[in-house]
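The values are calculated or read from the model by the stated rules, or taken from the named source; none is laboratory data. Here the structure is a predicted model, which means the values were calculated and not measured. Quick reminder, even Gly has a Cβ in these numbers, built from the backbone with ideal geometry, and neighbours come from all protein chains shown. Accessible surface is based on the protein model in full, side chains and every heavy atom, while ligands, DNA and RNA are left aside. Shrake-Rupley method; radii C 1.70, N 1.55, O 1.52, S 1.80 Å.
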Amino acid sequence: MADDTHGWTAAPGAAERARSVLAAAWSCAVTAEGAREELVGAHGVTDDGRVLLQVPEDSALLAAAICAPRGEPSAVLEFADVAPVPVRDRIRARLWLAGRLAARDGRQVLQPTRVVLRQPSGTLVVDVDEFAAAAPDPLAAAEARLLTHLADRHADAVERLTRLVDHGSLHGAVRVQPLAVDRHGLTLRVERLRTSGDVRLPFHAPADDVSRLTERMHVLLAQAGAASRPRALQRQRTDGEG
């Protein structure tokens with residue numbers, strides 16, 4: 001086992017984060033030549049980041065393709081990254097892919113020519129070549145299941161992890177929930193009466209699969225077990241809040 005310290009502080013890069021949003025999203029909004037539709041469970045992604053759309057036969061997008069030059073309408077696809085655990089402001093990020101839709105084997109295919117990622121920290125234009133070469137976080141497909149299990153079955157573990165959070169970040173806290181997890185760390189959402197904030201707990205080494213994630217979480221919990229309970233949450237329990 002690696003040394004149990006928080007020396008590993010890396011976070012996903014913009015291209016990896018964008019690919020993770022794309023890999024985990026179940027729906028998308030498509031705008032092409034003035035037509036806009038919401039598609040659910042109708043898209044797939046190739047290894048190089050092209051998006052494959054299964055468009056209904058009565059879709060306005062197909063009509064737009066007929067009217068567009070060369071039958072390839074310019075299009076923008078929007079994906080929302082929604083926190084699987086109920087928290088305030090559940091949209092963690094939005095991803096926009098722009099390009100042209102081309103018909104291939106009965107599906108519409110978008111090769112991105114512009115990639116924009118918006119997160120709470122700001123909006124980034126992602127290099128198209130980096131986006132195509134990147135892979136999603138290895139935990140992206142399992143993240144929703146992992147976080148809901150942690151929140152629903154192990155609330156005591158979440159509370160214990162708050163012992164690793166700076167006391168100032170917990171001032172006024174009424175609830176703490178797991179917001180996100182990737183191979184680099186776990187993010188907690190600290191909710192107060194009127195505001196909220198996020199705190200990241202980095203792993204001591206990357207967790208490239210679920211088994212390694214289990215080990216990384218055990219390390220965090222062991223560290224939390226050796227720490228004192230945050231006073232803010234002590235008061236919260238005493239006062240019956242949250």
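Restricting the search to segment 163-194, which residues are over 21 Å from the mean Cα position of the chain (by Cα) and of a type in the set (S, T, N, Q)?
The answer is S169, and nothing else.
Could you grab the pairs with beta carbons closer than 7 Å, sequence gap of 6+ or different chains, first residue in segment 178-191 and over 14 Å from P136 (Cα atoms), second one among the hydroxyl-bearing types (S, T, Y)?
L179/T187; A180/T187; R189/S196; V190/S169; V190/S196
Please go through segment 17-41 and give me each residue that is under 30 Å from L139 (Cβ atoms), of a type outside the set (F, W, Y) and open to solvent by 20 Å² or more (accessible area, probe 1.4 Å), ordered by number.
R17, A23, A24, S27, E38, V40, G41
Of all the strands (runs of 3 or more DSSP E) wholly in segment 143-206, which have at least 3 residues that are in contact with a strand residue (DSSP E or B) (Cβ under 8 Å, 6 or more places away or on another chain) and buried (at least 21 other Cβ atoms within 10 Å of the Cβ)?
Hits in segment 143-206: 175-182, 185-191.
Considering only residues that are open to solvent by 70 Å² or more (accessible area, probe 1.4 Å), over 12 Å from the mean Cα position of the chain (by Cα) and modelled with pLDDT of 95 or more, which ones fall in segment 112-137?
The answer is T113, R114, T123, L124, V125, D127, D129, E130, A133.
Among the residues that make up segment 66-74, is at least one of them within 23 Å of the chain's Cα centre (by Cα) and open to solvent by 50 Å² or more (accessible area, probe 1.4 Å)?
no
Looking only at segment 95-111, which residues are surrounded by fewer than 16 Cβ atoms within 10 Å (Cβ to Cβ) and charged (D, E, K, R)?
Across segment 95-111, the qualifying residues are R104, D105.
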